[in-house]
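For reference, the structure discussed in these notes is given below.
The values are calculated or read from the model by the stated rules, or taken from the named source; none is laboratory data. Predicted, not measured: the structure shown is a model, and the values here were computed from it. A quick note on method: Cβ atoms are made from the backbone with ideal geometry, for glycine too, and the neighbour counts reach across all protein chains shown.
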Amino acid sequence: MEYDRFLARVAYEVLRLRVSVDVAFKRACRGVCASGVDERERLYDMARSFISDYVKLSCIAGPGAKPRDLARLWLSNPNIEVGEPHCRLSISKWVYDKLSTLMGEGEAYAMLEAANRRVWWLRVNTLKASVESVVGSLEGEGVEFEVDPKYYYMVKIMKSPKPVRLLRVVREFKAIPQDIASAAVVEALNPQPGESILDACAAPGIKTSLISMLTEGKTKITAVDISGRRVTIMRKLMRKLGVPDESLEILVGDSRKLKLEKHVKALIDAPCSNSGAIAKDPGLKITLTENKVKYYSRLQKEILANITLHADKITYATCSLMPEEGEEIASYAVETLKAKLEKPNIKICRHGYKNYRVSNSICRLYPHIHESEGFIIANIIPA
């Protein structure tokens with residue numbers, strides 16, 4: 001295999017077609033990669049590392065360098081060092097400068113450095129298995145892990161002899177790869193048996209299934225997503241995860257325009273730039289733009305404005321490091337929608353960016369503090 005050509009193809013898919021590294025890898029692999037698991041995993045790790053270093057390589061080679069040139073440079077010296085902080089982190093300068101202004105340069109660097117390291121979390125699916133049985137299975141497969149002391153159903157994977165997705169408990173849907181920050185969003189919602197809950201941007205349904213799990217299937221959930229394809233996938237996944245059919249209604253719909261009966265609570269896990277998930281998809285480091293952030297910020301406001309008509313309490317969250325998708329949305333809720341903020345009562349929480357009035361009324365989860373993806377969580381009480 002010509003590795004430089006292969007890596008350049010992955011980069012093309014990410015840069016030009018705006019797909020994730022996972023999708024780019026699958027497309028670049030067609031007819032090229034060996035079928036053996038070990039070899040594919042080696043190539044996958046290589047592709048992820050190359051894309052993660054793409055900005056750093058561009059700093060060295062200059063803006064006119066082609067993907068194949070950068071691939072050759074990386075293959076010849078994968079541990080090459082550079083001077084500028086944003087180049088060392090392999091992140092766009094505008095992202096580094098923005099976060100440095102919000103947090104201070106030292107903490108911004110620490111956060112982005114941590115965001116480059118993926119931490120694998122599993123959520124035990126107690127709809128199908130006990131924590132004890134899942135832990136026993138992990139031990140049997142030689143996995144090194146820690147059960148989280150704050151959330152009994154969350155397990156941090158320290159070391160695994162095989163890819164997490166291939167572990168027995170994952171293949172049997174007894175455990176689900178889910179970041180602890182994502183679980184904290186549902187904890188902030190605090191679902192209770194008997195409540196009616198609207199999940200406004202639901203697919204693929206990982207948080208939906210956690211709502212059901214925490215209430216033992218005794219909550220009536222209306223789950224909505226704008227994508228018919230994703231809703232089809234979600235329906236199949238919910239059955240595999242053991243979510244009771246009678247507790248869940250799944251609809252295709254645009255949450256900016258929904259007209260439904262009022263619910264006790266709503267969850268808005270809003271579409272966003274995903275800047276908090278660069279460890280999961282390093283391609284985000286090179287496709288994230290200011291215009292993308294602005295687009296999602298407008299979309300989030302439209303969704304929130306409509307959902308305030310449909311619930312007595314809303315938990316709003318995005319997997320984003322950008323204040324336009326966090327603090328500014330919470331401010332919009334207060335100043336424009338005349339809503340109130342109620343600080344989420346969750347076990348892992350830090351304040352938002354300090355130069356926003358709403359900072360102490362919301363929660364942010366940070367990669368360098370919580371070993372999680374970057375998330376913002378706000379509980380909003382509509383007027």
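Say we look at the stretch 191-204 and pick out the residues that are touching a Lys or Arg at 6+ places or on another chain (Cβ under 8 Å) and in a loop (DSSP other than H, G, I, E, B); which of these is nearest to I348 (Cα to Cα)? Reasoning before the result, please.
Initial filter on the stretch 191-204 (touching a Lys or Arg at 6+ places or on another chain (Cβ under 8 Å)): 191, 193-199, 203-204.
Retained after the next criterion (residues that are in a loop (DSSP other than H, G, I, E, B)): 191, 193-195, 203-204.
Numbers: P191: 17, P193: 23, G194: 26, E195: 24, A203: 25, P204: 24 Å.
Going through the qualifying residues, I end up with P191.
So, in the stretch 279-310, exactly how many residues are in a loop (DSSP other than H, G, I, E, B), under 18 Å from I51 (Cα atoms) and of a type in the set (S, T, N, Q)? Step through it out loud before you land on a result.
Applying the first criterion (in a loop (DSSP other than H, G, I, E, B)) to the stretch 279-310 yields 279-283, 288-289, 308-310.
Next, only the ones that are under 18 Å from I51 (Cα atoms) stay: 279-283, 288-289.
Those still in the list that are of a type in the set (S, T, N, Q) too: 289.
So the answer is 1.
Please give the number of the condition V134 fails out of (1) crowded, with 19+ Cβ neighbours inside 10 Å; (2) of a type outside the set (G, A, S); (3) farther than 30 Å from G217 by Cα.
Failed condition: (3).
Taking only pairs six or more apart or across chains, which ones have beta-carbon atoms under 9 Å, a first residue in the stretch 173-202 that is on the phi > 0 side of the Ramachandran plot, and a second residue that is assigned to a helix (DSSP H, G or I) and not aliphatic (A, V, I, L, M)?
Partner pairs satisfying both residue conditions: F173/K240.
Pull out all pairs, ordered by first then second residue, where Cβ-Cβ is under 6 Å, the residues are six or more apart or on different chains, the first lies in the stretch 285-297 and is farther than 23 Å from S331 by Cβ, and the second is modelled with pLDDT under 95 and outside any helix (DSSP H, G or I).
These pairs meet every condition: T287/R18.
Looking at the stretch 139-164 only, could you name the residues that are within 26 Å of G217 (Cα to Cα) and touching a helix residue (DSSP H, G or I) at 6+ places or on another chain (Cβ under 8 Å)?
V147, D148, Y151, Y152, Y153, M154, V155, K156
For the stretch 331-338, does any single residue satisfy the condition of being of a type outside the set (D, E, K, R), in contact with a Pro (Cβ under 8 Å, 6 or more places away or on another chain) and over 24 Å from T208 (Cβ atoms)?
yes
Restricting attention to the stretch 89-117, which residues are at negative phi, at pLDDT 95 or above and surrounded by fewer than 17 Cβ atoms within 10 Å (Cβ to Cβ)?
Across the stretch 89-117, the qualifying residues are K93, W94, D97, T101, E105, G106, E107, A110, E113.
Within the stretch 50-65, restricting attention to residues that are hydroxyl-bearing (S, T, Y) and either under 12 Å from C87 (Cβ atoms) or exposed (fewer than 15 other Cβ atoms within 10 Å of the Cβ) (or both), which residue is farthest from the chain's Cα centre (by Cα)?
S58
For the stretch 156-163, state whether one or more residues are more than 21 Å from the chain's Cα centre (by Cα), basic (K, R) and over 30 Å from D53 (Cα atoms).
Checked against the condition, which is being more than 21 Å from the chain's Cα centre (by Cα), basic (K, R) and over 30 Å from D53 (Cα atoms), the stretch 156-163 yields no hits at all.
If a residue has to be more than 16 Å from C201 (Cβ to Cβ) and either basic (K, R) or touching a helix residue (DSSP H, G or I) at 6+ places or on another chain (Cβ under 7 Å) (or both) to count, how many in the stretch 258-276 make the cut?
3
Just name the residue that is surrounded by the fewest Cβ atoms within 10 Å (Cβ to Cβ) out of those in the stretch 160-173 that are farther than 19 Å from E132 by Cα and among the charged types (D, E, K, R).
To start, the set of residues in the stretch 160-173 that are farther than 19 Å from E132 by Cα comprises 161-163, 165-166.
Restricting the remaining residues to those that are among the charged types (D, E, K, R) gives 162, 165.
Details: K162: 14, R165: 9.
Taking the candidates together, the pick is R165.
Of the residues in the stretch 79-88, how many are farther than 20 Å from E107 by Cα and surrounded by fewer than 12 Cβ atoms within 10 Å (Cβ to Cβ)?
Looking only at that region, the number is 2.
Which is hydroxyl-bearing (S, T, Y), in contact (Cβ under 8 Å) with a residue 24 or more places away in the chain and more than 21 Å from S372 (Cα to Cα), of S137, S130, S90, S76? Explain how you work it out, then say what you get.
Details: S130 fails: in contact (Cβ under 8 Å) with a residue 24 or more places away in the chain; S90 fails: more than 21 Å from S372 (Cα to Cα); S76 fails: in contact (Cβ under 8 Å) with a residue 24 or more places away in the chain.
So the residue among S137, S130, S90, S76 that is hydroxyl-bearing (S, T, Y), in contact (Cβ under 8 Å) with a residue 24 or more places away in the chain and more than 21 Å from S372 (Cα to Cα) is S137.
Find the residue count for the stretch 225-250, including only residues that are among the acidic types (D, E), under 18 Å from P193 (Cα atoms) and in contact (Cβ under 8 Å) with a residue 24 or more places away in the chain.
So the first thing to find is which residues in the stretch 225-250 are among the acidic types (D, E), and the list is 225, 245-246, 249.
Add one more test, that the residue is under 18 Å from P193 (Cα atoms), and what stays is 245-246, 249.
Retained after the next criterion (residues that are in contact (Cβ under 8 Å) with a residue 24 or more places away in the chain): 249.
So the answer is 1.
Hey, could you check the stretch 346-375 for residues that are part of a strand (DSSP E or B) and in contact with a Leu (Cβ under 8 Å, 6 or more places away or on another chain) and say which is surrounded by the most Cβ atoms within 10 Å (Cβ to Cβ)?
F375
Return only the number of the condition from (1) surrounded by fewer than 20 Cβ atoms within 10 Å (Cβ to Cβ); (2) farther than 19 Å from I91 by Cβ that I303 does not satisfy.
With respect to (1) surrounded by fewer than 20 Cβ atoms within 10 Å (Cβ to Cβ); (2) farther than 19 Å from I91 by Cβ, I303 is out only on (1).
How many of the residues in the stretch 340-368 are in contact (Cβ under 8 Å) with a residue 24 or more places away in the chain and either on the phi > 0 side of the Ramachandran plot or in contact with a strand residue (DSSP E or B) (Cβ under 9 Å, 6 or more places away or on another chain) (or both)?
Total satisfying the criteria: 18.
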